[in-house]
1. For region 1-85, give the magnitude of the charge dipole about the Cα centre (Cβ charges: +1 Lys/Arg, -1 Asp/Glu; no others), in debye to the nearest 20.
2. Accessible surface of D60 in the full protein assembly, 1.4 angstrom probe, to the nearest 10 Å²?
3. Viscosity 0.692 mPa s, temperature 37 °C: Stokes-Einstein D of the chain from its Kirkwood Cα radius, in µm² per second?
4. Per residue of region 18-24, what does 6.51 cos²θ - 1.76 cosθ + 1.60 with θ = phi - 60° give for ³J(HN,Hα)? Whole Hz please, x for Gly and Pro, Karplus curve as stated.
5. If I take every Cα pair under 8 Å that is 6 or more residues apart in the chain, average their sequence separation and divide by the length, what percent do I get for the relative contact order?
6. Of S72, I30, L91, which is farthest on the positive side of the dipole of the chain, counting Cα position, with +1 on Lys and Arg Cβ, -1 on Asp and Glu Cβ, and the Cα centre as origin?
7. For the chain, modelled as a GNM with alpha-carbon contacts under 10 angstrom, which of G45, G24, G12 fluctuates the most?
8. If R₀ is 30 angstrom, what is the calculated FRET efficiency for the pair K15 and K56, using the beta carbon separation as r and rounding to 0.05?
Amino acid sequence: MKCFAYVRTSNGKNKEDSLQKQTGIIEDFIVQNNWYLDSVYADVGLGNNINKNFLKMIEDAQQGKIDAIIVSDPSRISRNSDYLSFIIEKLRAEYKIRIITVDYGVNTFLHNNLREL
């Protein structure tokens, strides 16, 4: 499965460390599942903002370039639960893109499989 990682952090002092830590966690997760990491999209900014690399990732997803988006935590996508639900459902239903968090708190791959049974 071709995966894209999404990492985001605030403008704080340790932003590079935070992005590297998130990326490392996601890379380890992908290796454990025998998947393939294609690209990492990274943004620096507050969680309530729409971030430019997030929008680029969504655009790539809409063009069929992505099988799954892996994030360390759902809040990396958005801290707004309504927007988070909207994005997850739109990507899953319209573009068949799986969203998976490292802790499996969000796993639309599992959701898709259950629907197909």
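The values are calculated or read from the model by the stated rules, or taken from the named source; none is laboratory data. Please read all numbers here as calculations on a predicted model, not as lab measurements. Neighbour counts run over all protein chains shown; Cβ positions are idealised from the backbone, glycine included. For the accessible areas, the whole protein counts, side chains as well, though only heavy atoms, and no ligand, DNA or RNA atoms are used. Shrake-Rupley method; radii C 1.70, N 1.55, O 1.52, S 1.80 Å.
1. The dipole magnitude comes to about 240 debye.
2. Its accessible surface works out to 10 Å², give or take rounding.
3. Values: Rh = 14.2 Å.
Rounded to a whole number, D works out at 231 µm²/s.
4. 5, 5, 5, 5, 4, 4, x
5. After rounding, I find 28 percent.
6. So the residue we want is L91.
7. In the Gaussian network model the winner is G12.
8. That pair, K15 with K56, gives E of 0.95.
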